[in-house]
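Every number in this text was worked out from the coordinates using simple rules, so none of it is lab data. Just so we're clear, the structure is a prediction, and the values are computed from it rather than from any experiment. Cβ placement follows ideal geometry from the backbone for every residue including glycine, while neighbour counts extend to all protein chains displayed.
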Number of protein chains: 4
Amino acid sequence: MKFFSDNAASVHPRIWQAMQAADAADAAYDGDALSAKLDAAFSDLFGAPCTALWVATGTAANCLALAAMVPPHGGLVCHKEAHIEMDEGGAPGFFLHGAKLLLAEGTGAKLTPEGLRAVLDAIRPGVHQVQPHAISITQATECGRVYAPAEVAAIGALAKARGLGLHMDGARFANAAAHLGCHPAEFTVRAGVDALSFGCVKNGGMSAEAVVFFAPDLADVVRFRRKRAGHLQSKGRYLAAQILAMIEGDLWLENARAANAAAQEIAAACGGRLLQPVEANEVFVSLSPAEQAVLRAQGFDFYDWPVSDDAPAGTLGAARLVTAWNSPPQEVAALARALSVL
Amino acid sequence: MKFFSDNAASVHPRIWQAMQAADAADAAYDGDALSAKLDAAFSDLFGAPCTALWVATGTAANCLALAAMVPPHGGLVCHKEAHIEMDEGGAPGFFLHGAKLLLAEGTGAKLTPEGLRAVLDAIRPGVHQVQPHAISITQATECGRVYAPAEVAAIGALAKARGLGLHMDGARFANAAAHLGCHPAEFTVRAGVDALSFGCVKNGGMSAEAVVFFAPDLADVVRFRRKRAGHLQSKGRYLAAQILAMIEGDLWLENARAANAAAQEIAAACGGRLLQPVEANEVFVSLSPAEQAVLRAQGFDFYDWPVSDDAPAGTLGAARLVTAWNSPPQEVAALARALSVL
Amino acid sequence: MKFFSDNAASVHPRIWQAMQAADAADAAYDGDALSAKLDAAFSDLFGAPCTALWVATGTAANCLALAAMVPPHGGLVCHKEAHIEMDEGGAPGFFLHGAKLLLAEGTGAKLTPEGLRAVLDAIRPGVHQVQPHAISITQATECGRVYAPAEVAAIGALAKARGLGLHMDGARFANAAAHLGCHPAEFTVRAGVDALSFGCVKNGGMSAEAVVFFAPDLADVVRFRRKRAGHLQSKGRYLAAQILAMIEGDLWLENARAANAAAQEIAAACGGRLLQPVEANEVFVSLSPAEQAVLRAQGFDFYDWPVSDDAPAGTLGAARLVTAWNSPPQEVAALARALSVL
Amino acid sequence: MKFFSDNAASVHPRIWQAMQAADAADAAYDGDALSAKLDAAFSDLFGAPCTALWVATGTAANCLALAAMVPPHGGLVCHKEAHIEMDEGGAPGFFLHGAKLLLAEGTGAKLTPEGLRAVLDAIRPGVHQVQPHAISITQATECGRVYAPAEVAAIGALAKARGLGLHMDGARFANAAAHLGCHPAEFTVRAGVDALSFGCVKNGGMSAEAVVFFAPDLADVVRFRRKRAGHLQSKGRYLAAQILAMIEGDLWLENARAANAAAQEIAAACGGRLLQPVEANEVFVSLSPAEQAVLRAQGFDFYDWPVSDDAPAGTLGAARLVTAWNSPPQEVAALARALSVL
């Protein structure tokens, strides 16, 4: 019973169908008919002009978007627990040619204008310290928290005031959108986001993420950089097919709602163990090593997690439980039950 | 009727089946059971210990392999028409952090010890000129030519004598192997090749190539670099599945033989128009712009091609005709007929 | 009266003489007779085989040394206030091709085995997090503190145990050596240091620092990287001359002792204002903005400094006062007097 | 008797004087009074608004200027014998993060609009081939040839028409200016040059070159990149002093005229041996290995040189003879005599 991540789940049948429907040969790379539909599909989704490119991974999506905003000698501000800082094997250093990640604080891995200002205001102008060029936030965050539209807008306003680009890592964008229930433009383009990594792989896709630019001039350089990074697949139509199928009929939201609901069911069984409010599809719980062993002995598979500085005193251990679009209801129920009797 | 490239052809049914058979969730990234089988599968195929990693594109495969051999301040020798030099959007400059491609001559885009020595011997030792660290050859070449085992071995011996690594870009490795008919070890590991980009996408795959290391110590650093380049997909099992299916039952050879046979059928109709001997699945022909227009008007889709320096005097234009594993026999026959009556 | 830094002081007369004595044309780059003497001069100084290269700046020295130890996909651990992290404009990101600085804590900008282990042990093995390849310490530190030989040796032992290189940023190495009074090998080569940036510019030089390798195999790659970074000056003899003159007759220690003594004189006047023990030639004092204004009105030029987290509660401001090899005694006395009556 | 290069000659007395006059401490880096004068000095010299930065080497000057024009995924066109291609140890690959040098042909290492168009027109638009962003020419060229103002202007017009930046490597700019005898603006700012590496080291300086921007917006990013490359020296006043002294009273022209005259004296003795017209301070002569040995036995020191493709048939060897601002008249005369009797 796998609760270690949503990133290895099965591919949704409608994604499979779309890929197979794309099987006839078409022009190579992104010259095919499906790739050509991406801009319009995202423009419809967000109600604003978008340029969208497919890539295979969230790491590539994040780093290509950021490379369009940050020169090699510049920096970007992100949360100290951001995926780009902690879990991408130094990819930002590679794609951004050594640009620097400037780390900010904030509960629940959420940035705030205050936390950002603390970082930004401490930087001396001039050439001796790396100057910021962008901000990157994660929606939902690495702690499973969701920015409200007003929270994004406050950061967007700060970014604009300081002349900084704003990127959103949306590896679990769908889960955030499902939680918020509002139009996705409200916490992206209308809130000042310039580029979005729109995740599909964790939400029932196979191998496609979209980089969506609300500031279309950024996309041009990314086309070159995608090729240069070996990310321009010759049979790109299979990636475009995945993304289009995800958008069509709001499959992205349907899948995310299912995962979120499963997470809520588990969360409800956790009581005081919850280390973070559960807003998306990740449940962070206080679990001692012994308790973890009990669960694992029952067949539950999950990651243990570092105990963060702001965890309640006496927390002996932590674990992350992640649900997917297709987490089997009986397994979710079993996990909830197991947690409730620990 | 598409003869512009093999790189956009449909995916072979057995590849589809293998991918679907991999649909159940397994460990993420390359921790799954299928990825774990790659080393053994290639070791069996080559009869020698191999380490193999999947990536999504040939560009990534080539550049990751080379990055393991060439430091940022170094260089590598390749043919002046090599794909890494001409058609990868500067990817080697990115992955190798500015290392230099040193360009050698040779007919049919084939390198020779003589051509290599001409480049190598002209480099002054010391820090003022970039020093070579590796050689990269393409099998089959960008002109559709195939290195015989002894030709690779001669280059391998030179590489060893000079302390250089040897990489083989095998985007069309299967087509070369099908042409040669010998054991694939004969023109790789036994001929001094250290790393091979084993192509699948052009041969009926969807989105997986393998980087195969015969010098296993090279693989370790590539694991880090693959992640860092955003090429470590979380559902890597779908890539491993493609590669394993390609090897199983020699599907790779079966597909390549079909493509090669189609190319031979076209070549036989070309007579004196042939600009290169046809050894793999590419046919380079002398075609004036007017003749190209005639063919296109009949529904044939292909790339025009630069007239190379060594083309016969008076050549008014050139075209590249590429066959795929599934080029429809009636379309191949139609193209042959059309060419024969031009 | 300049106490803002030692990095803009006049050049010592013996350095001038040595440069002028080098004026006759000799072989270019580092092929001249003076550059050829560097290895022996440092081998004598440290009583161990050394390879030494000149460069123009401490930033180049640090980054070239580190680039020999840390691959682009790797990381190095340094103090969060280290010069390479705070004040080199992102140069490590450039020279190390995006390798990552992993930041450790420690009072007085000094690293300790405990602080290092806290960083190292938190890194998950594998490709998702950047793995450490080296440690860099600063002697004397950015807070003017000096590592005792045993403190360096403890870090050296940790580095060795973990397979990490050890680099020492010695922009103020002479001041540390003058403070310690022991043989310089005791806190370098015998303590496990692999490469040292031996500073001259802050100590009466003009434009030359030495990168000294106790692990000589590291030097070879740095020769290439120095050229590649545009740091191989064609009239390198003028740089070699500076360094040799600095070593000859222990000018480096003589100059540092003068600067340290001036710092002690100032420190003695500071009483409870001292924020750090004064061990080298930097004095960090608690000074409110109003007090800073008073001093500046009297003609004293210095940097205000961020109030660090571990400063006494109620500290309203801080300043850094730096002495040089030639700080005029009457100016030093005047500053001491002015501080004592604030 | 040294004729191997001008790059190791003695420093001119007026340069020494200027450096010593700068010895009093001033603000660090480029905050000093002398560095502040550079913009005005070059604006006066060129009769147009300039921004000028000092660096230590021509390699750094060239690469920093180009890095402001060419993004990492782009390319620049230069002559196949250009110093940046042949003799800078791959520095452009480092400073430009892997951008590509696109090599053009031309006699005397001079580019022409025709040679440039041959390269530019062969590049397919799109992401698969590296797109050009700049052109770099060398004045005087690596063959000692000088572009006339109209020749630069023709290239400048092409650059403008194609949206490309234009950089001039002026390591021997003074020698070219002395040869042309016209106002230096005529073959720079008025001819479409955007950035100039203004050489001093080969012309009697010690360790300072200027990067001069006629397009001032380019300079801002270079300030950051200079620091990041470890080229922002803290005692920058000594570099500014050299450059200002070189401009003052037209010392740069005086020195260059002396070197050029010496080269002419040697050239006049070479007769049919001359492989290039002598326009600056380099003399390329046909000399067989035996003849080279004769000259060396007489105490003449020089580089042998590759025999270029366009050398007269039967050329058995070549040598480069370089004069400096202070080549002793008796040595020049001796070399001329020796050549005339070979």
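Summing -39500 (n - 2.57) over the DSSP H runs of n ≥ 4 in the protein assembly as shown and dividing by its residue number, what mean residue ellipticity at 222 nm do you reach, to the nearest 500 deg cm²/dmol?
Only helices count here, giving -11000 deg cm²/dmol.
Going Cα to Cα from A:LYS110, which lysines come in below 29 Å? Please leave out same-chain ones fewer than 8 positions away.
Within the straight-line limit of under 29 Å, A:LYS110 reaches these lysines: A:LYS2, A:LYS80, A:LYS100, A:LYS160, A:LYS202, B:LYS227, B:LYS235, C:LYS80, C:LYS100.
Other chains near B:39-47: what is the mean number of their Cβ atoms within 10 Å of each residue's Cβ?
0
Let me know the Kirkwood hydrodynamic radius for region A:252-340, please, with Cα pairs as the basis and the value in Å to one decimal.
Roughly 13.1 Å, rounded to one decimal.
May I ask which residue of D:ALA256, D:GLY199, D:LEU316 lies farthest towards the positive end of the charge dipole of region D:197-342, with charges of +1 (Lys, Arg) and -1 (Asp, Glu) on Cβ and the Cα centre as origin?
Value computed over the given set: D:GLY199.
Work the Kirkwood hydrodynamic radius out for region A:47-93: mean of 1/r over every pair of different alpha-carbon atoms, inverted, in Å.
Over region A:47-93, the inverse of the mean reciprocal pair distance is 12.0 Å.
In region A:139-197, if every C-alpha pair distance is counted and binned at 10 Å from zero, what percent goes to each bin?
Calculated P(r), rounded to whole percents: 26, 58, 15, 0.
Could you work out the mean count of beta carbons from other protein chains within 10 Å of each residue's beta carbon in C:231-240?
6
Radius of gyration and Dmax for the protein assembly as shown's Cα atoms, expressed in Å?
Cα radius of gyration and Dmax of the protein assembly as shown are 32.7, 105 Å respectively.
I'd like the distance separating the alpha-carbon centroids of region D:139-181 and region C:22-59, in whole Å.
When both Cα centres are located, 37 Å separates them.
Can you give the average number of partner chain beta-carbon atoms within 10 Å of each beta-carbon in peptide A:49-59, as a whole number?
Partner-chain Cβ atoms within 10 Å, mean over residues of A:49-59: 3.
With 24 Å as the cut-off, how large is the P(r) tail for region D:13-250, expressed as percent of Cα-Cα pairs?
41 percent
Report the Cα-based extents of region A:199-249 along its three principal axes, largest first, to the nearest Å.
30, 25, 17
Treat each spin label as a single point 7 Å out from the Cα along the C-beta direction, and report the A:SER340 to B:LEU274 distance in nm.
7.6 nm
How big is the charge dipole of the protein assembly as shown about its Cα centre, in debye rounded to the nearest 20, if each Lys and Arg gets +1 on its Cβ and each Asp and Glu gets -1 on its Cβ?
I would put it at about 0 debye.
Starting from the exponent 0.38 and prefactor 2.2 Å, build the expected Rg for region B:228-303 from its residue count and divide its actual Cα Rg by it.
That ratio works out to 1.61.
Using Cα pairs closer than 8 Å and at least 6 residues apart in sequence, work out the relative contact order for region A:252-340, in percent.
40 percent
For region A:1-147, I need the span (max minus min coordinate) of the C-alpha atoms along each principal axis, in Å, sorted largest to smallest.
The principal-axis extents, from largest down, are 56, 40, 32 Å.
Provide the gained length on full extension for the span B:VAL294 to B:ALA24, in nm with one decimal, where the gain is 0.36 nm per separating residue minus the Cα-Cα distance.
92.2 nm
Could you tell me how far the Cα centroid of region B:187-220 sits from the Cα centroid of region D:235-257, in Å?
Result: 57 Å between the Cα centres.
Give me the percent relative contact order of chain B, please, defined on Cα pairs under 8 angstrom at least 6 residues apart.
With pairs under 8 Å counted, the relative contact order is 23 percent.
Would you pull out the residues with amide H under 5 Å of A:VAL77's amide H, same chain only if 5 or more places away, H placed 1.01 Å from N?
Answer set, sorted by chain and number: A:LEU102, A:HIS133, A:ALA134, A:ILE135, A:SER136.
Enumerate the calculated ³J(HN,Hα) couplings along region B:286-293 in order (Karplus 6.51 cos²θ - 1.76 cosθ + 1.60, θ = phi - 60°), each rounded to whole Hz, writing x wherever the residue is Gly or Pro.
6, 9, 5, x, 5, 5, 4, 5
Tell me, what ³J(HN,Hα) does each residue in region A:236-243 have, in order and in whole Hz, if you take phi through Karplus 6.51 cos²θ - 1.76 cosθ + 1.60 with θ = phi - 60° and put x for Gly and Pro?
Rounded to whole hertz, the list is x, 4, 6, 7, 4, 4, 4, 5.
So, in Å, what gap is there between the alpha-carbon centers of region A:81-135 and region D:271-341?
57 Å
Across region B:48-56, in residue order, what do the Karplus-derived ³J(HN,Hα) couplings come to in whole Hz, using 6.51 cos²θ - 1.76 cosθ + 1.60 with θ = phi - 60° and x for Gly and Pro?
Each residue's phi maps through the Karplus curve to give 7, x, 10, 10, 10, 10, 8, 9, 8 Hz.
To the nearest µm²/s, what D does Stokes-Einstein give for region C:122-254 at 37 °C and 0.692 mPa s, using the Kirkwood radius over alpha carbon pairs as Rh?
So the translational diffusion coefficient is about 205 µm²/s.
Of all DSSP beta bridges located in chain B, what percent are antiparallel, nearest 5?
50 percent
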